[in-house]
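The values are calculated or read from the model by the stated rules, or taken from the named source; none is laboratory data. Not measured: the values here are computed from a predicted model. Every residue, glycine among them, receives a Cβ derived from its backbone with ideal geometry; neighbour counts consider all protein chains shown.
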Amino acid sequence: MDGGIRILTGKNFLVIGGSRGIGRATVKKLAEQGANVTFTYKDNEAAAKELCGHAGKGSGKIECIQADAADSSTTSQVLETVRKDIAKLDGLVVNAGINRDSNLVTMDEDSWNEVISTNLTGTFHYLKSASNKFIRQGSGSIVCVSSITGLVGMPGIANYAASKAGQIALVRSLALEIARFNIRVNAVAPGFINTDMYQDLSEKFRQSTERHIPLGRAGDPEEVANVICFLLSDQASYITGSVITVDGGFAHKYY
Ligand code: NAD
């Protein structure tokens with residue numbers, strides 16, 4: 001997946017939440033592999049436009065649409081825009097995610113609702129719309145960016161962990177519902193990945209966490225993007241309903 005073998009040339013993908021971090025790395029990698037990519041973003045238009053201009057010689061096209069993943073009224077508009085521009089959508093990546101951290105005993109309802117509506121309800125709407133399109137096409141591949149917290153839980157982020165566990169349950173259930181239409185649905189569960197979201201955590205927390213990661217460091221966004229691109233590609237043609245941890249071995253210590 002390093003640009004040597006271009007296994008995604010000419011394919012079309014939609015990435016939800018692609019302006020920075022793991023989403024951005026995924027958009028870039030897909031385009032480098034020759035795929036055309038449309039991604040959504042909520043704010044930071046400058047970063048989104050800059051990424052659109054990134055497509056280099058020989059790479060696929062990159063386009064962006066402003067759309068809040070938590071606003072279900074925009075979901076069908078995004079799919080409709082993509083439908084007008086391209087005849088066939090080969091895959092969807094649901095990456096948009098936020099955190100509003102606190103212990104459960106002091107968590108206010110707004111923090112709960114905000115995280116669930118972006119991470120989980122937003123995922124539901126995109127999975128539903130894209131699945132209907134893929135069923136009509138007779139093919140498609142979906143990858144959700146969940147988290148190891150959805151597998152093992154973690155103190156101080158119960159709302160986030162619940163949203164990520166919910167994504168995994170959605171992926172596993174949907175994979176069984178639509179496998180017969182030649183549609184694969186998988187999740188990646190990143191551990192601690194060096195993005196803005198990770199940098200927002202305190203240095204003390206990051207240092208103490210990294211001591212417990214078997215590979216001894218946080219991951220790079222590109223290391224998650226590699227797995228997402230693999231799952232989207234035909235190289236993963238017999239994988240569905242799977243959750244692949246990309247965490248330096250961290251979660252295996254807990255289950
Ligand atoms: P990030 O904050 O750097 O990027 C998040 C992306 O989601 C951005 O592109 C942002 O524009 C987009 N986004 C956020 N809210 C949105 C909304 N309402 N509508 C549309 N787009 C929205 O975060 P990241 O670290 O790159 O995380 C990406 C995904 O990976 C998230 O789902 C996150 O939960 C998950 N994840 C991250 C880590 C980590 O350590 N960084 C670990 C596990 C899982």
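Select from region 187-233 the residues that are under 30 Å from F134 (Cα atoms) and polar (S, T, N, Q) and write down the one among them that is nearest to the ligand (Cβ to nearest atom).
Of the residues in region 187-233, the ones under 30 Å from F134 (Cα atoms) are 187-191, 221-233.
Checking which are polar (S, T, N, Q) leaves us with 226, 233.
Working: N226: 14, S233: 20 Å.
The selected residue is N226.
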- Query: Taking E80 and the conditions (1) within 16 Å of the ligand (Cβ to nearest atom); (2) of a type in the set (D, E); (3) at pLDDT below 95, which numbered condition does it fall short on, given that it satisfies the others?
  - Reply: (1)
- Query: Can C229 be described as assigned to a strand (DSSP E or B) and either at pLDDT below 95 or not hydroxyl-bearing (S, T, Y) (or both)?
  - Reply: no
- Every pair of residues 6+ apart whose Cβ atoms lie under 9 Å, when the first sits in region 17-31 and is farther than 16 Å from P190 by Cα and modelled with pLDDT of 95 or more while the second is within 9 Å of the ligand (Cβ to nearest atom) and among the acidic types (D, E): S19/D43
- Note on the structure: Only unsatisfied item for M197, checking (1) surrounded by 18 or more Cβ atoms within 10 Å (Cβ to Cβ); (2) in contact (Cβ under 8 Å) with a residue 60 or more places away in the chain; (3) among the aliphatic types (A, V, I, L, M), is (1)
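So, N12, is that one surrounded by fewer than 22 Cβ atoms within 10 Å (Cβ to Cβ) and within 13 Å of the ligand (Cβ to nearest atom) or not?
Values: surrounded by fewer than 22 Cβ atoms within 10 Å (Cβ to Cβ): yes; within 13 Å of the ligand (Cβ to nearest atom): no.
No; evaluated as a whole, the condition is false for this residue.
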- Query: Out of region 194-226, which residues are part of a loop (DSSP other than H, G, I, E, B), within 23 Å of V115 (Cα to Cα) and under 21 Å from the mean Cα position of the chain (by Cα)?
  - Reply: N194, T195, D200, L201
- Could you list, in sequence order, the residues of region 139-155 that are at pLDDT 95 or above, more than 12 Å from the ligand (Cβ to nearest atom) and among the small types (G, A, S)? S139, G140, S141
- Task: Select from region 203-226 the residues that are of a type in the set (D, E, K, R) and at pLDDT 95 or above and list them in ascending order.
- Result: R217, D220, E222, E223
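Looking for whichever is closer than 24 Å to N99 by Cβ and touching a Ser or Thr at 6+ places or on another chain (Cβ under 9 Å) here; the options are I183, I228, I213, I244. Which one fits?
I228
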